[in-house]
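Below is one structure, written out as structure tokens; comments come after it.
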Amino acid sequence: MALKIVIVDDHEVVRLGLRTLLERHPDFKVVGEAANAREAVQKTQLLRPDVVIMDIRLPGGSGIDACRKIVEQVPEARVIMLTSYAEDEMLFDAISAGACGYVLKQIGSDDLIRAIEAVGRGEASLDPALTQRVFARVREAARKEHETAFAGLTEQELRVLAHVAEGKTNREIADALFLGEGTVRNYVSNILKKLGLNNRAEAAAYAVEHNLKEFISS
């Protein structure tokens, strides 16, 4: 069965070009067009397409807002943002709004067709030029999350925790850091209290889970 597609763009010549391209494909059927965000939502509700190809900047509201409404109201419709804009915030706003694809208008026709096919199968599709940006943002978010996990600890407490994560006893930690054993015991107690943990095993697991070694050398 052919994929039913709605094209959303405020430029008629763009809609015509996309329709001409897509209707050459035997498994695509363009069932409607829209020129603004309001029409995009209305046409999607009426026509129940499989895929909506939508410009990100539209009159009467953004394509991102329209995408969010479509995903909420017609969850079976999958939205591909087809845009000239490669700004990071637009990309991540579109993903947050529920878009399944984000493709730059500079893309070749064959790549666009493959992106539509992938989204039609329920997969996600991201323009290759943007993939590294997504990975970089994910890595940065993970790094900040891990940093926050240890934000309440002092440098010395981090060092003690690193040794706890290696399974060392208080005596071994004391020898390694040139501290008294009682001092280490107090550090461990403070660490558990600050992190809301019950015992050394939980502290060790916490340190590993949040990649403590990235932030300190034991």
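The values are calculated or read from the model by the stated rules, or taken from the named source; none is laboratory data. This one's a predicted model, so the numbers in the text were calculated from it and none came from an experiment. Cβ sites come from the backbone with ideal geometry, for glycine too, and all protein chains shown count toward neighbours.
Quick look at the numbers
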quantity: Whichever residue in segment 167-196 is under 12 Å from residue 153 (Cβ atoms) and within 34 Å of the chain's Cα centre (by Cα) and, among such residues, is surrounded by the most Cβ atoms within 10 Å (Cβ to Cβ); calculated: 191
quantity: Pairs with Cβ under 8 Å, 6+ apart, first in segment 96-110 and of a type in the set (D, E, K, R), second assigned to a loop (DSSP other than H, G, I, E, B); calculated: 105/84
quantity: Hits in segment 115-124 - residues which are without any contact (Cβ under 8 Å) to a residue 60 or more places away in the chain and either among the β-branched types (Val, Ile, Thr) or part of a loop (DSSP other than H, G, I, E, B) (or both); calculated: 121, 122, 123, 124
quantity: Within segment 77-94, tally of residues that are farther than 16 Å from residue 7 by Cα and either touching a residue at least 24 places away in the same chain (Cβ under 8 Å) or hydroxyl-bearing (Ser, Thr, Tyr) (or both); calculated: 8
quantity: Enumeration of residues in segment 59-107 that are within 17 Å of residue 43 (Cβ to Cβ) and among the basic types (Lys, Arg); calculated: 68, 69, 78
quantity: Output for segment 198-214, where each listed residue is buried (at least 16 other Cβ atoms within 10 Å of the Cβ) and under 32 Å from the mean Cα position of the chain (by Cα); calculated: 203, 204, 206, 207, 210, 212
quantity: Single unsatisfied condition, residue 10 versus (1) under 19 Å from residue 99 (Cβ atoms); (2) in contact with a helix residue (DSSP H, G or I) (Cβ under 7 Å, 6 or more places away or on another chain); calculated: (2)
quantity: Residue ID - farthest from residue 11 (Cα to Cα), chosen from residues in segment 80-114 that are part of a helix (DSSP H, G or I) and among the hydroxyl-bearing types (Ser, Thr, Tyr); calculated: 96
quantity: Hits in segment 1-37 (condition: of a type in the set (Gly, Ala, Ser) and in a strand (DSSP E or B)); calculated: 32, 34
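Here's the yes/no breakdown for (1) surrounded by 20 or more Cβ atoms within 10 Å (Cβ to Cβ); (2) among the polar types (S, T, N, Q); (3) in the same structural domain as residue 56 (by TED's automatic domain parsing); (4) modelled with pLDDT under 85:
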| site | (1), (2), (3), (4) |
| --- | --- |
| 81 | yes, no, yes, no |
| 85 | no, no, yes, yes |
| 90 | no, no, yes, yes |
| 94 | yes, no, yes, no |
| 103 | yes, no, yes, no |
| 111 | no, no, yes, no |
| 114 | no, no, yes, no |
| 123 | no, no, yes, no |
